[in-house]
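Down below is the structure, laid out as structure tokens.
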Amino acid sequence: MKDDMKFSLTCPLPISDYPKVLMAHGSGGLLMQQLIEKIFYTAFSNSHLLTAHDATVLDIPQKRIAMSTDSYVVQPLFFPGGDIGCLAINGTVNDLAMSGAHPLYLSASFILEEGLSMETLWRVVQSMREAAAQAGVSIVTGDTKVVEKGHGDGLFINTTGIGVLEHDDIISPDQVRDGDAVLLSGDIGRHGMAVMTQRESLSFESTIESDSMPLWETVNAMLKEGIRIHCLRDATRGGLSAVLNEIAAASKLQIDVDENAIPVDPSVRGACEILGIDPLHVANEGRFSAFVAAENSTRAVEIMNHYSPQKNAACIGSVVVGKAGLVTLKTPIGGCRILDMSSGEQLPRIC
Ligand code: MG
């Protein structure tokens with residue numbers, strides 16, 4: 001375990017002499033300035049944030065930057081393998097990485113419900129601190145609002161990220177070409193099933209943990225090796241089926257994939273069967289699809305596996321001219337069906 005990972009276990013809540021829960025109003029309430037200084041500045045400390053100005057000023061020399069934003073409302077706040085804090089960092093970092101950008105800076109906005117336990121907030125903030133350190137990003141500006149009890153659901157987070165493009169490649173759906181290999185960086189369904197089993201209080205022989213992780217390191221290694229990446233997309237809400245359908249539609253090409261080639265852990269498959277959900281529609285928070293030149297496919301999968309905890313990245317199919325927007329799935333028994341984006345019910349509050 002790295003030193004910075006130990007911090008959350010050993011560092012006490014720095015506001016033990018304050019009320020245990022967040023108060024919106026009244027003299028007993030924790031003043032917002034104290035909250036910001038004791039919790040957020042302590043956890044996210046860096047020179048940009050500590051200027052405490054209305055806006056932070058960043059030196060960004062590159063000519064192209066990428067920007068992305070997302071809000072996080074997952075319930076429950078904590079689940080096996082992660083929590084709303086690490087999702088709020090990795091989700092935005094990964095969206096930047098999917099454009100080929102090196103994530104550098106994040107903003108973090110918190111909407112906190114009166115009555116939220118200070119310890120809960122502290123745990124979430126520590127998780128964000130650890131995830132930001134792992135992803136190599138700094139939280140350089142932020143905001144906090146408190147809403148009255150009953151007007152929030154504990155804690156919502158928005159993060160906005162800025163990354164820089166250190167190359168001239170264009171990585172986007174309109175770059176996908178006939179003949180491209182379709183790659184998947186690891187097994188699917190872990191995040192959605194980790195949250196659902198926690199929410200439904202289901203227990204299985206082995207706990208399903210979220211796959212939440214930052215993806216820039218993998219993408220950067222692919223770029224540095226000269227992999228001709230045409231498009232990247234992380235398989236978050238809507239799962240792999242949403243990614244394939246979105247890219248097929250945007251590129252006006254057909255995508256053919258082989259279900260046998262798509263890795264799904266047996267525990268995830270079992271949970272999906274019990275809940276009646278197709279793993280192809282389940283959200284992931286640390287998996288992405290890459291559309292690359294076919295001759296780079298084998299090397300790209302090797303690189304993905306180098307950074308994947310489960311080492312089960314795979315080439316799952318290819319792009320063909322066919323019918324624009326169509327995704328076909330070769331089934332394990334040798335049949336072929338259309339993989340529809342909307343045939344699976346979307347799981348609510350999953351990220
Ligand atoms: Mg995304």
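A few remarks follow.
- Options 84, 89; residue that is of a type in the set (A, V, I, L, M), modelled with pLDDT of 85 or more, closer than 25 Å to residue 115 by Cα and within 16 Å of the ligand (Cβ to nearest atom): 89
- Considering residues of segment 325-342 that are more than 15 Å from residue 262 (Cβ to Cβ) and surrounded by 16 or more Cβ atoms within 10 Å (Cβ to Cβ) only, the residue nearest to the chain's Cα centre (by Cα): 341
- Applying the condition of being among the basic types (Lys, Arg) and touching a residue at least 12 places away in the same chain (Cβ under 8 Å) to segment 220-248 and asking which residue is farthest from the ligand (Cβ to nearest atom) yields 228.
- Of the strands (runs of 3 or more DSSP E) contained entirely in segment 214-322, those carrying at least 2 residues that are not hydrophobic (A, V, I, L, M, F, W, C) fall at 229-234, 254-258, 314-320.
- Enumeration of residues in segment 249-260 that are out of contact with any Lys or Arg (no Cβ under 9 Å at 6 or more places or on another chain) and either away from the ligand (no atom under 16 Å from the Cβ) or modelled with pLDDT under 95 (or both): 252, 255
- Number of residues in segment 180-213 that are touching a Pro at 6+ places or on another chain (Cβ under 7 Å), part of a loop (DSSP other than H, G, I, E, B) and among the hydrophobic types (A, V, I, L, M, F, W, C): the value is 2.
- Failed condition for residue 25, given (1) at pLDDT 95 or above; (2) surrounded by fewer than 21 Cβ atoms within 10 Å (Cβ to Cβ): (1)
The values are calculated or read from the model by the stated rules, or taken from the named source; none is laboratory data. Quick caveat, the model's predicted, so the values are computed rather than measured. Quick reminder, even Gly has a Cβ in these numbers, built from the backbone with ideal geometry, and neighbours come from all protein chains shown.
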